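The values are calculated or read from the model by the stated rules, or taken from the named source; none is laboratory data. All values reported here derive from a predicted model rather than from experimental measurement. When we count neighbours, we look across all protein chains shown, and the Cβ atoms used for this are built from the backbone with ideal geometry, even at glycine. Each accessible area value is taken on the protein alone, full model and side chains, heavy atoms only, with ligands, DNA and RNA left out. Shrake-Rupley method; radii C 1.70, N 1.55, O 1.52, S 1.80 Å.
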Amino acid sequence: KGKYYLKLAIEQARHLTSVATQLMDFQKVDIGKEQLTVSTIDMIGFIKTRKIMFDSFAKSKNIELVFVSECECLKTAVDEQKMEKIVDNLISNAIKFTPRNGKIEISTKPILIEEKNFQKITMSDPGLGIEPNRVKNLFRIDKTESYPGTEDEKGTGLGLLLCQEFIEKQGGEISVEST
C-alpha cells in the first residue's frame with residue numbers, strides 16, 4: 001500500500017513540475033524572451049529517440065506506439081530543445097487520449113511547398129475525437145474547461161498552445177483533423 005501511495009506522489013510531483021515548466025516556457029514566449037537556437041539534426045533519428053522515451057508509458061496502457069518513415073535520414077534545421085518539447089507533448093497527448101489497446105502512429109515525410117523543402121510530421125490515434133466546435137479552441141488556454149481524456153487524464157491546452165508557438169516560431173504550422 002505504501003508503494004502505491006509513493007508512486008502516486010511521484011507521478012503527481014512529475015505532473016506539477018511539467019506544468020510549472022510549461023508555465024515558465026509560456027511566460028518566456030509571451031514576453032518575447034524565447035530565442036531560437038537552430039542546428040541541423042536528423043529528424044528521423046530524433047523522433048525515434050523521443051518515441052523510445054514514451055514506449056513504457058504506452059505499454060503501461062497497452063497502447064502500441066509505432067513510428068513510420070518514408071526515408072532513413074532526414075536532415076533539417078530546427079531548435080532541437082523546442083522540437084523535443086513539441087514532439088514529447090504531442091506523443092504524450094496522443095497516449096493520454098487513446099483508449100487501452102489502441103495504436104498510435106507517428107509518421108514523417110519530406111514535402112515540397114513553393115520550391116521549399118518542409119517536413120510533415122503526423123500523429124494519428126484512435127482517441128476519443130474532438131467535437132468540431134472545440135477544434136478551434138485546442139490551441140488556447142481554457143481555464144474553465146478541461147478536455148476529458150481516458151481514465152483520470154485531462155488537459156487544459158497549455159502544452160498545445162506552446163507547441164503552436166514553438167512551431168510557428170520555426171516557420172511551421174500545426175493543424176488538427178478529428179472525427
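Within the stretch 90-142, being among the small types (Gly, Ala, Ser) and touching a residue at least 24 places away in the same chain (Cβ under 8 Å) holds for 92, 94, 102, 107, 127, 129. For the stretch 79-89, the set of residues classified as open to solvent by 50 Å² or more (accessible area, probe 1.4 Å) and either without any contact (Cβ under 8 Å) to a residue 12 or more places away in the chain or out of contact with any strand residue (DSSP E or B) (no Cβ under 6 Å at 6 or more places or on another chain) (or both) consists of 81, 84, 85, listed by residue number. Applying the criterion of being over 16 Å from residue 99 (Cβ atoms) and not in a helix (DSSP H, G or I) to the residues of the stretch 51-68, the residue that is most open to solvent (accessible area, probe 1.4 Å) is 68.
Looking at the stretch 90-99, can you tell me whether even one residue there is charged (D, E, K, R) and either open to solvent by 50 Å² or more (accessible area, probe 1.4 Å) or in contact with a helix residue (DSSP H, G or I) (Cβ under 7 Å, 6 or more places away or on another chain) (or both)? No, the conditions are met nowhere in the stretch 90-99. Open to solvent by 30 Å² or more (accessible area, probe 1.4 Å) and assigned to a helix (DSSP H, G or I): is that true of residue 109 in this structure? No, not satisfied. Residue pairs whose Cβ atoms lie under 6 Å apart, separated by 6 or more positions or on different chains, with the first residue in the stretch 1-29 and under 30 Å from residue 139 (Cβ atoms) and the second at pLDDT below 75, are 28/34. Here is the figure for the stretch 127-159: residues that are assigned to a helix (DSSP H, G or I) and either at pLDDT below 80 or out of contact with any helix residue (DSSP H, G or I) (no Cβ under 7 Å at 6 or more places or on another chain) (or both) total 5.
Filter the stretch 85-123 down to the residues that are at pLDDT 85 or above and among the acidic types (Asp, Glu) and list them by number. Hits for the stretch 85-123 are 88, 105. Here residue 178 clears all of (1) farther than 26 Å from residue 100 by Cα; (2) more than 15 Å from the chain's Cα centre (by Cα); (3) at pLDDT 80 or above except the condition numbered (1). Pick from the stretch 1-41 the residues that are assigned to a loop (DSSP other than H, G, I, E, B) and open to solvent by 60 Å² or more (accessible area, probe 1.4 Å): which of them is modelled with the highest pLDDT? Among residues in the stretch 1-41 that are assigned to a loop (DSSP other than H, G, I, E, B) and open to solvent by 60 Å² or more (accessible area, probe 1.4 Å), the one modelled with the highest pLDDT is 37.
Please work out if residue 130 is more than 16 Å from residue 167 (Cα to Cα), surrounded by 15 or more Cβ atoms within 10 Å (Cβ to Cβ), touching a Gly at 6+ places or on another chain (Cβ under 9 Å) and among the hydrophobic types (A, V, I, L, M, F, W, C). No; evaluated as a whole, the condition is false for this residue. Within the stretch 81-104, being at negative phi and over 14 Å from the mean Cα position of the chain (by Cα) holds for 99, 100, 102, 103.
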